[in-house]
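Enquirer: This structure is in structure tokens; I'll ask about it shortly.
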Amino acid sequence: MKDIPVNERIILALDVDSPAQAKELVKKTESHLNFYKVGLQLFMASWFEIVDWLSARGHKVMVDLKFFDIPETVRLAVARLNNRGVTFATIHGNDPIIRAAVEAKGDLALLAVTVLTSFGQEDMQAMGMTQSIEDLVYFRARRALELGCDGVVSSGLEAKRLRDKLGAKLLIVTPGIRPGANIRDQQDDQQRIVTARQAIADGADYLVIGRPITKASDPLEVINMLQDEIRQGLAV
Ligand code: C5P
């Protein structure tokens, strides 16, 4: 098991419209958290302002722009994230795209998106993919690792198989986490959801969590609850 401090196990998804809102969320939670994710919504509003602000404040940053384009474009986009305090970046695509991204990754850890946690089996079928999600996630994760990615983004439902088959070194970053007992009541647009305890017990290293924390009336209370679940998962 990797030696990751509990305050870095949750990567808080800063899915808000402005740097001001993001900074407010960070200030509210940074006593408990040290890892934040900037995705499409916030990056469109603030470009690198928020990324640089987070890293200057000593926080780890995941830039989740899920690059997908021809290899040369992805290579150049990944290169733009180098040497600015970014810890994780996300990409997806076929072998040449992944290879190009790996060539440019420099000091950051590159994560390949396997299958979005908002996709269910019917969504895959609608896109013409008949393989089971579990098999596709495993296939994509294995390729990504072989091609030099540091890890994958995948649902907690697949974490165990990935950890067992692909070994300890692979970074597994898991979104689609919902706290507590009634996770189906808080599904939002996610489909393949699990609890923090389960994801960690099954081998996830980091949990990407957004709305359960950002929409809570008391975010710190939810974070405390989730970190307890993480400790329980680590003890399994
Ligand atoms: O609000 P919630 O906890 O569902 O947040 C999920 C976050 O994780 C979003 O920022 C979303 O972009 C991200 N994500 C995901 N599934 C992936 C990759 C990233 O839900 N496969």
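Enquirer: Counting only residues that are closer than 20 Å to ASP69 by Cβ and part of a loop (DSSP other than H, G, I, E, B), how many does region 109-122 have?
Expert: Total meeting the criteria: 3.
Enquirer: Within region 86-105, how many residues are assigned to a loop (DSSP other than H, G, I, E, B), at pLDDT 95 or above and not hydrophobic (A, V, I, L, M, F, W, C)?
Expert: Qualifying residue count, region 86-105: 2.
Enquirer: On the basis of being part of a helix (DSSP H, G or I), open to solvent by less than 80 Å² (accessible area, probe 1.4 Å) and more than 9 Å from the ligand (Cβ to nearest atom), does GLY203 make the cut?
Expert: Judged against the criteria, GLY203 is not a match.
Enquirer: While we're looking at this one, here's another question. Within region 159-189, count every residue that is of a type in the set (Gly, Ala, Ser), at positive phi, more than 16 Å from the chain's Cα centre (by Cα) and modelled with pLDDT under 95.
Expert: Here the count works out to 1.
One line per residue, one yes/no per condition, for (1) open to solvent by 10 Å² or more (accessible area, probe 1.4 Å); (2) within 15 Å of LYS66 (Cβ to Cβ):
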position	(1), (2)
ASP95	yes, no
GLU103	yes, no
ASP107	yes, no
ILE133	no, no
ALA144	no, yes
GLN187	yes, no
ILE193	no, no
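Enquirer: Filter region 149-158 down to the residues that are of a type outside the set (Val, Ile, Thr), at pLDDT 95 or above and open to solvent by less than 30 Å² (accessible area, probe 1.4 Å) and list them by number.
Expert: Looking only at region 149-158, we keep the residues that are of a type outside the set (Val, Ile, Thr), and these are 149-151, 154-158.
Add one more test, that the residue is at pLDDT 95 or above, and what stays is 149-151.
CYS149, GLY151, listed by residue number.
The values are calculated or read from the model by the stated rules, or taken from the named source; none is laboratory data. Note that the coordinates shown come from a computational prediction; the quantities given were computed from them, not determined experimentally. Reconstructed Cβ throughout: ideal geometry from the backbone, glycine too, with neighbour counts over all protein chains shown. Heads up: the accessible areas ignore ligands, DNA and RNA and are worked out on the full protein's heavy atoms, side chains in. Shrake-Rupley method; radii C 1.70, N 1.55, O 1.52, S 1.80 Å.
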